[in-house]
Structure formats: C-alpha cells, structure tokens
Amino acid sequence: MSPEAHQVREASGLVHLTARELAAKIRTRKLSAREVVQAHLDRIEQVNGPVNAVVTCVAERALDEARTADEATAHGAPLGPLHGLPVAHKDTHDTRGIRTTYGTPLLADNVPDRDELIVERIRAAGAITIGKTNVPEFAAGSHTVNPVFGATRNPYDLSRSAGGSSGGAAAALACGMHPVADGSDMGGSLRNPASFCNVVGLRPSPGRVPSWPDTAPWSTMAVQGPMARNVADAALLLSVVAGPDPRSPIALETPGSAFGGPLERDLRGLRIAWSPDLGGAAPVDREVRDVLAPAVTVFSALGCAVEEACPDLSGADEVFRTFRAWQFHLALGALLESSADRMKPSLVRNVRQGSTLTGIDLERATVLHGELFHRMREFFERYDALVLPTSQVPPFPVELEYPGDVDGVPMADYLDWMRSAYLVSATGSPALSVPAGFTPGGLPVGLQIVGPHRGDLRVLQIGHAFEQATRHGERGPGVPR
C-alpha cells in the first residue's frame with residue numbers, strides 16, 4: 001500500500017472512533033484537531049452526496065478553528081470536553097455567520113448574527129463547527145425533506161427516510177460525518193431519526209437543556225438535546241449543553257457535569273414496564289414488534305423484573321396536539337399571513353389550527369396536562385422505567401410524506417404515525433432511543449426507554465446497559481466504510 005493510500009485509510013478510520021476516544025487522543029496529542037476535522041470533512045465529501053445530510057459546509061472556517069485548537073493544546077491551555085471535535089449543527093439552530101435556513105425558502109439566505117444557547121455551549125466546550133444538518137421545513141414532521149435542499153436519505157437504505165426533524169443530524173452521525181450532534185424534539189424529532197438511522201437520541205426532561213432565544217420560554221413541549229452513535233457520547237454532549245442559565249426560566253439547576261461520568265450501573269432488581277403499543281394507543285408494524293420482542297429477554301438477563309404494563313395516557317393526545325398547534329401559531333402565525341403559499345400544506349394546516357384555539361381549549365389542555373403528570377408520577381412509583389418502540393414503523397419510502405397506515409390502521413395525518421413518541425412528549429418524561437436491531441430487510445429499529453420526571457441519568461444508564469448487552473449500534477450503514 002502506498003503511503004498516500006495508507007494515510008487515507010487511517011483518516012477514514014478516525015471517523016468511526018467515538019467522541020470520547022477522539023477527545024482523549026486530541027487532549028494527549030496523539031491526534032491533532034486539524035487531522036480530526038480534515039478526516040470528517042473528507043468523509044462529508046465522500047458520502048454526503050447521496051445521503052444529503054450536511055446541507056451547508058464551512059470547511060475553511062473549520063480548519064482555521066482547528067489550527068487555533070491545536071495551538072491551545074500545544075501551549076497547555078485549559079481544554080473543554082469537546083476540544084477539537086467537529087460538529088454540524090441542526091439547521092433550525094442559529095449559528096453566527098453561518099446560513100441557517102430552517103428548511104424553508106422564506107429563510108434560504110438567512111445568516112444569524114449570534115449563536116443560540118445550545119450552539120454557544122457546544123462551541124464553548126471546544127467543538128468546531130463544520131456545517132449545518134438538514135431538517136423538514138420549520139422542523140415540522142418526522143421526515144426530513146424541504147424545498148431548499150430536498151430529502152435526506154437513510155444511509156442504511158437510500159430509498160428510505162432518515163426520519164426527522166433531526167434527520168440530517170442522525171444520518172450524518174451514522175455515516176461518520178461528525179461524532180456527536182445537537183437536535184431538538186417536540187413530538188419525536190430526536191428519537192425517531194435515531195431509530196431510523198441506528199444511532200442514539202435523547203429527549204431530555206424539559207429545562208435540562210435550556211433554550212435561548214425562545215418565543216415560548218415557559219413551554220415544556222419542545223426541548224433540545226444530544227445525539228450520538230452510542231449512549232456514552234450522548235451523555236458527554238449532554239454534560240456540555242445541560243445546566244442552569246439565567247436566560248431560561250425553566251432551566252434546571254443540576255450542572256451538566258452530573259452526566260459526564262461513567263454510566264455503568266447494576267440493573268438487577270429494576271422494575272421495567274414493557275408496552276409494545278401503549279395499550280393499543282399506538283399501532284405498531286409487525287416487523288418492529290418482532291425486532292423488539294427480544295428486548296424483554298435482554299432486560300431479564302440483566303436482572304430486571306419485566307412485565308407488560310402501560311401508564312394511563314388519557315388526554316395525552318389532546319395535550320400534545322393543542323400545545324403544538326398553539327406553539328406553531330405563536331412562532332409562525334405572522335409568516336402565515338404573508339407567505340402561506342410558500343409553506344408546505346401540512347404545516348399551514350397546523351398553524352391555522354393554532355389560530356382557532358380558544359381560551360377554553362388551552363384551559364382544558366392545561367388541566368389534562370397536570371392530571372397526566374400525576375398519573376405518570378404514580379406509575380413511576382411502581383416501575384423504574386417504561387420501554388416501548390421508538391417509532392411505530394421502520395424507515396418508510398423517502399417519496400412519502402408519512403406512512404398512510406400502520407399495521408393496517410389508517411393514519412389520519414402526518415402526526416398520527418408518531419404517537420409512540422409524541423404521547424411520551426406530553427408526559428414531560430425523559431426518553432432515550434437506543435439501537436435495538438434490524439428488520440429482515442436490514443432497516444434499523446430503535447427501543448425507547450422512558451424514565452420518571454427528571455430521571456435523565458437513569459434512562460442513560462439503562463440505555464447504556466442495553467447497548468452493551470446487544471451491540472446493535474455497532475452495525476454501520478451500507479455507505480462506503
């Protein structure tokens with residue numbers, strides 16, 4: 001093998017190391033930040049074309065920042081936990097000086113003049129921005145396609161969806177374009193694409209990752225959080241983006257460092273509730289059921305007491321849909337008046353639904369939300385965790401906006417097929433999607449692990465144990481390795 005070919009092969013290998021491994025090698029000067037960033041830029045050049053995950057790339061800026069990072073390492077400066085690691089941010093997260101389109105023609109040339117809080121924290125921890133990842137228009141829906149950049153395709157099968165709204169982030173992770181990624185989740189946008197792309201996505205407890213700026217700073221339905229190829233790396237990123245901030249009125253006081261340590265935990269004696277379809281509230285494709293059935297045996301082998309049980313989710317659907325419509329109208333109502341003909345029809349319908357809400361509608365949803373919280377609180381007095389399918393379907397054809405039916409049950413709209421995720425959103429519980437196996441056709445399936453209010457560390461620990469026992473996340477996609 002020629003020296004040049006050997007260097008290419010070695011650089012390609014870098015993109016499959018974990019974030020923790022890369023950070024340690026940069027910190028001990030076994031690798032330079034420039035080497036790591038260049039390897040990931042090369043990976044984007046190699047595989048992004050057919051996948052379409054990274055939609056804006058700032059290679060020159062990233063390499064300049066990598067040189068600065070290497071100088072800091074050489075001079076013995078204090079280094080952040082993500083020092084030298086490349087990250088492409090979700091294209092709904094504002095980035096100073098880098099185009100942020102929200103997947104809409106209305107903002108196709110938008111260049112923010114400041115970073116939003118999650119980006120600010122990631123960069124303050126030493127990460128290097130290499131670009132932006134694709135989203136559905138205004139992050140609406142769990143299939144990543146928009147009129148600005150087109151569709152992101154699933155790296156395990158390019159004819160299939162990568163999920164959404166953090167679909168570009170998940171596909172890029174699976175392909176080795178970056179080692180960790182930021183995302184957001186209202187109805188499943190961190191969890192569904194993680195399931196579709198065989199990576200890890202955590203919907204944290206509301207307030208765990210504070211958001212700023214925010215048109216609805218007191219709202220708890222939409223959250224931001226981490227994605228990675230394994231649970232430990234997701235926890236590493238959470239340790240950076242979590243923690244109090246005076247700009248968020250619901251920010252939790254627990255410092256992010258609480259999530260930076262080892263995740264090993266003896267699961268013996270834990271009480272696990274297994275709910276394959278949320279008591280009939282969420283029909284599930286037969287292939288997904290079959291893939292996830294062995295999870296019960298895995299948890300039993302880890303010493304858990306597993307039984308089929310489901311919390312009472314009465315009112316959760318109304319809570320989610322009411323507050324989602326209200327929040328979409330709050331954010332996009334003014335745009336709708338002038339630009340409805342330039343927005344996707346399903347988004348327009350949802351924003352208009354928000355305009356019809358009355359005070360009585362919001363009053364009823366608020367009461368139902370409180371009742372749901374207390375039923376979940378009581379449920380988690382009996383069980384330590386709830387496990388269920390992340391997504392009700394395996395990745396569907398990329399040409400569809402959403403599946404028309406699930407296991408023979410017709411879906412009424414583009415939200416219906418996401419009930420296994422969005423009903424959990426309404427509870428306020430932290431929820432983790434972890435790789436759980438593959439369909440006979442090789443499509444990934446994720447397992448969702450839900451914990452009690454503010455039980456983020458618990459779901460990470462349980463997810464880590466499941467991951468170590470099964471190793472499904474180590475199976476890479478069909479793009480060139």
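The values are calculated or read from the model by the stated rules, or taken from the named source; none is laboratory data. The shown structure was predicted, so the numbers you read here are calculated from the model rather than taken from an experiment. Here the Cβ is made from the backbone with ideal geometry for all residues, glycine too, and neighbour counts use every protein chain on show. All accessible areas refer to the heavy atoms of the entire protein, side chains included, with ligands and DNA or RNA removed. Shrake-Rupley method; radii C 1.70, N 1.55, O 1.52, S 1.80 Å.
Overview of results
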| quantity | calculated |
| --- | --- |
| Unmet requirement for Gly354, which otherwise passes all of (1) surrounded by 15 or more Cβ atoms within 10 Å (Cβ to Cβ); (2) under 17 Å from Val319 (Cβ atoms); (3) in contact (Cβ under 8 Å) with a residue 40 or more places away in the chain | (3) |
| Filter result (open to solvent by 20 Å² or more (accessible area, probe 1.4 Å), under 17 Å from the mean Cα position of the chain (by Cα) and within 19 Å of Gln46 (Cβ to Cβ)) within segment 125-166 | Arg153 |
| Residue match in segment 167-174 (condition: surrounded by fewer than 24 Cβ atoms within 10 Å (Cβ to Cβ) and touching a strand residue (DSSP E or B) at 6+ places or on another chain (Cβ under 6 Å)) | no |
| Tally of residues being of a type in the set (Val, Ile, Thr), in a helix (DSSP H, G or I) and touching a Gly at 6+ places or on another chain (Cβ under 9 Å) across segment 379-429 | 1 |
| Boolean, Ala309 is over 25 Å from the mean Cα position of the chain (by Cα) and surrounded by fewer than 17 Cβ atoms within 10 Å (Cβ to Cβ) | yes |
| Subset of segment 278-306 that is part of a loop (DSSP other than H, G, I, E, B) and more than 22 Å from Gly404 (Cβ to Cβ) - its residue that is farthest from the chain's Cα centre (by Cα) | Gly303 |
| Count - residues of segment 190-227 that are of a type in the set (Ser, Thr, Tyr) and open to solvent by 10 Å² or more (accessible area, probe 1.4 Å) | 4 |
| Selection from segment 57-98 of residues that are part of a strand (DSSP E or B) and touching a residue at least 60 places away in the same chain (Cβ under 8 Å) | Cys57, Pro86, Val87, Ala88, His89, Lys90 |
| The one condition in (1) in a loop (DSSP other than H, G, I, E, B); (2) among the hydrophobic types (A, V, I, L, M, F, W, C); (3) over 20 Å from Pro86 (Cβ atoms) that Val135 fails to fulfil | (3) |
| Which numbered condition Ser239 fails, given (1) assigned to a helix (DSSP H, G or I); (2) within 22 Å of Ile44 (Cβ to Cβ); (3) out of contact with any His (no Cβ under 7 Å at 6 or more places or on another chain) | (2) |
